[in-house]
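Working notes for the structure below.
The values are calculated or read from the model by the stated rules, or taken from the named source; none is laboratory data. Not measured: the values here are computed from a predicted model. Neighbour counts run over all protein chains shown; Cβ positions are idealised from the backbone, glycine included. The area values use the complete protein model at the heavy-atom level, side chains included, leaving out ligands, DNA and RNA. Shrake-Rupley method; radii C 1.70, N 1.55, O 1.52, S 1.80 Å.
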Amino acid sequence: MNQWIIGNARFTVITDGVIRMEYAKDGVFADGATLFANRRQYPADTAFVQKDGTVTLSTKKCTLTYRAGAAFSQDSLFARIHTGNVDTVWKFGDRNRENLGGTLATLDGVDGPRPLPDGLLARDGWYVIDDSGAPTFADGWLQNRSENHLWDLYLFAYGHDYPAALRDLARVSGDMALPRKCALGSWYSRWWPYSAREFLQIVDEYDANDFPLDILVMDMDWHYQDWGYEEGDPKALFGYGHAGGNLGWTGYTWNRRKIPDPGKLLDTLHRRGITVTLNDHPADGIRDHEETYPAFMDLLQKKHYRETVPLIPERQSQREQENLGRGVTNYRFNAGSKDYMEAFFESTHARYEKMGVDFWWLDWQQDYLYPAVNGLKNLAHLPWLNHLYYAHSRKAGLRGMSFSRWGGFGDHKHPIYFSGDTVSTWEALAFEVRMTVSAGNAGCFWWSHDIGGFEDPDPEKHAELYVRWVQFGITSAALRLHVCGNEKIDRRPWTWGEPYCSAMREMFHLRAMLIPYLYSTAYESYRDSVPLLRSLYFFDGENEAAYAHPGTYYLGDALLASPICRPGGGETFVTASKVYLPAGTWYDYFTGIRYCGGQTVTVQNDLFSFPLFVKAGKPLPTQPYTNRMTTAPLSHLIIKIFTGEEPLSDSFLLFEDDGITEGYLSGAYRVAKLSYSCDGDLYTISYVPAGSGYAGECTQRTITWELYDIDAFRCREAPAGTVCTYDEKTRRGTVEIPARSPDTEVSITLEHIS
């Protein structure tokens, strides 16, 4: 048994580390899912004792006590959290004393440090998520819950076992979603009225300047922002309120002055391997000036839609007010209506997706104007729209793809996230690094930042800052360049001159090479509820030193990064950094220098490098450079191993699928265990594949093993045609396995030469 009703209270033991606590004045409880809690079946078995009016629930991680019949209070409801040698006590209403921080919903206007809201992880060993009053799902749509349902709390108890806390979050709220593979690639974005010819020129320039590109972002100017299709037409701005008081941010009519044939442009971009996303500010809905208006109104009429949130007259343009007198109706955007939103998606998004739009950038900023979704209490637009947009994107077998600001606990199911309009300062970069690491504490694994900053007041002085921001970008979830609409600044790296362009090119190439590793790590994040960027304390919660370095983080299992967030000196911008290395053996990726962990080391980096370390013995799967890093077939797998000291044994799980569908959920993928071991005079390396494969998988694959800091060796056992080479000067060995099917196992034994 896992659920008990005691008077007006109900307790549900979800796992050993999560207890749901409800209190309803009428004794009627909430069984429907919410945006946060969408899993309601919990096969748990828990000790239950009731004695002298006191109820006790005991699990391996906590003991909860409730005084039966009482309203929730510090005297009536409390728990003892089993954290190790000394238990911690939680009482109703308590807040963490040592919460490790979560993430802001947006970085709009941020130019330096800001206070962080709570994350799930705290050194206290517990956290409570309050879902009280949240609307519940019924028939695929949200409805208000009864006002008699006063409390709906989730007590997470985990001690310092932080991975268990995030696994429990997924158990309550749903799995951490795997983003489309393209999201991990190179993005170009700029708020600028580009023409179709200029968009294609941007792709040409990326290729000509030897930079990879995967996603092209079309900001607001893809649609008209004024009414009139010909140059010189009078501007009658429409809309009723956006950030900064600007009008015309909503739009669903292609700006054919700039893009006369959008279908042709999208087709050309797709044939060149480019994914396209369009900016979307939906707050003004579908107004009568839009091309999509007739289809939208026809759908609403068929649904017998009735207006519940009329437009405010003073927020209508003069032209709209005149049309109103002629019987033309303009409905206000109504995210609370299922009929409205179905018609909205069908007449706008679906229409342009058929044309070739791949996904949408939900640039919602209007919760300060519209604090709650129409008809739904306690629900802001952002988390609800994130859910709706993501659900819309999951069709025809496609994996969901959102691109929006963070909507709070439970929004981890809708990646990827847009962090907003930062200011270009060193302080903003440093804060962004720390916040991105702590974001994993809330389940937010997939931040996509404006690399270089959105608002740059003095770009001529910020070239070094831009390079360092790019270096952070290659060790985070997305490498997305973006900047405001200013003719003086463009984030295309080759426009910044030397040595900045060359330094950024090396970083972009490194990112392209790391994609097999990063995508495999993304799959691990989905599978195990582990952040992509992992704080030093995440797996080492008892180590005091691990809490003292918020700007240093694991990028998956094999890499450790500590981005540079301050200016360097001299002509080469050299910066000395003190970096704490966890226990084990680590190698500087750029110099190959070996370090013993469990200490703080000082490293120096010029503009072309930054503190990036590789764990000894951990296979690091990479690919050759390609200008379409997330869609190129993995026909040549390059596995790097920094060998460390013997004996040593480690492995890594390479994951592959088509990168865009949900086929992986039903087995359409391939995994390969990459292993390395060294014991005495023998080195063993192996590639052991499993899984059925997937559509589009390469049929032949060459595998290269690159072994660093290794003694001279000879090949003892290997497949026919294997070629081994060794460079005594660099202490680097190479093992080349000829092309074969990726489902073929490979095992090689190397022998040390005295």
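Summary of values
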item: Any chance Asp204 is at pLDDT below 95, more than 20 Å from Ala478 (Cβ to Cβ) and part of a helix (DSSP H, G or I); result: no
item: Number of the exception - Cys444 against (1) open to solvent by 20 Å² or more (accessible area, probe 1.4 Å); (2) in contact with a strand residue (DSSP E or B) (Cβ under 7 Å, 6 or more places away or on another chain); (3) over 23 Å from Met220 (Cα atoms); (4) assigned to a loop (DSSP other than H, G, I, E, B); result: (1)
item: When residues of region 459-507 are limited to those that are free of Cβ contacts under 8 Å to residues at least 24 places away in the same chain and either on the phi > 0 side of the Ramachandran plot or in a loop (DSSP other than H, G, I, E, B) (or both), the one most open to solvent (accessible area, probe 1.4 Å); result: Glu487
item: Number of positions in region 447-458 that are outside any loop (DSSP other than H, G, I, E, B) and either surrounded by fewer than 24 Cβ atoms within 10 Å (Cβ to Cβ) or not aliphatic (A, V, I, L, M) (or both); result: 3
item: Matching entry among Asp743, Asp658, Asp650, Asp711 (being open to solvent by 30 Å² or more (accessible area, probe 1.4 Å), of a type outside the set (Val, Ile, Thr), in a loop (DSSP other than H, G, I, E, B) and over 25 Å from Arg180 (Cα atoms)); result: Asp711
item: Where Thr585 falls short, out of the listed (1) touching a Gly at 6+ places or on another chain (Cβ under 9 Å); (2) crowded, with 21+ Cβ neighbours inside 10 Å; result: (2)
item: Residue ranges of strands (runs of 3 or more DSSP E) in region 62-151 with at least 2 members among the aliphatic types (A, V, I, L, M) and at pLDDT 95 or above; result: 77-81, 126-130
item: Single residue of region 593-622 satisfying the filter (under 30 Å from the mean Cα position of the chain (by Cα), more than 16 Å from Gly551 (Cα to Cα) and hydrophobic (A, V, I, L, M, F, W, C)) that is most open to solvent (accessible area, probe 1.4 Å); result: Phe608
item: Residue that is farthest from Phe539 (Cα to Cα) [pool: residues in region 563-581 that are touching a helix residue (DSSP H, G or I) at 6+ places or on another chain (Cβ under 9 Å) and open to solvent by 10 Å² or more (accessible area, probe 1.4 Å)]; result: Phe573
item: Any chance Thr552 is among the hydroxyl-bearing types (Ser, Thr, Tyr) and surrounded by fewer than 17 Cβ atoms within 10 Å (Cβ to Cβ); result: no
item: Checklist (1) surrounded by fewer than 18 Cβ atoms within 10 Å (Cβ to Cβ); (2) touching a residue at least 12 places away in the same chain (Cβ under 8 Å) applied to Ser666, failing item; result: (2)
item: Among (1) in contact with a helix residue (DSSP H, G or I) (Cβ under 7 Å, 6 or more places away or on another chain); (2) of a type outside the set (S, T, N, Q); (3) modelled with pLDDT of 95 or more, the one test that Val437 misses; result: (1)
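Residues checked against (1) out of contact with any Pro (no Cβ under 9 Å at 6 or more places or on another chain); (2) surrounded by 15 or more Cβ atoms within 10 Å (Cβ to Cβ):
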residue: Arg95; (1), (2): yes, no
residue: Glu98; (1), (2): yes, no
residue: Gly101; (1), (2): no, yes
residue: Leu107; (1), (2): yes, yes
residue: Pro113; (1), (2): yes, no
residue: Leu116; (1), (2): yes, yes
residue: Leu120; (1), (2): yes, yes
residue: Gly125; (1), (2): yes, yes
residue: Asp131; (1), (2): yes, yes
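Listed here are the residues, each with its yes/no results for (1) part of a helix (DSSP H, G or I); (2) of a type in the set (Val, Ile, Thr); (3) under 14 Å from Asp284 (Cα atoms); (4) within 24 Å of the chain's Cα centre (by Cα).
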site	(1), (2), (3), (4)
Ala343	yes, no, no, no
His349	yes, no, no, yes
Gln366	no, no, yes, yes
Tyr389	yes, no, no, yes
Ala396	no, no, no, yes
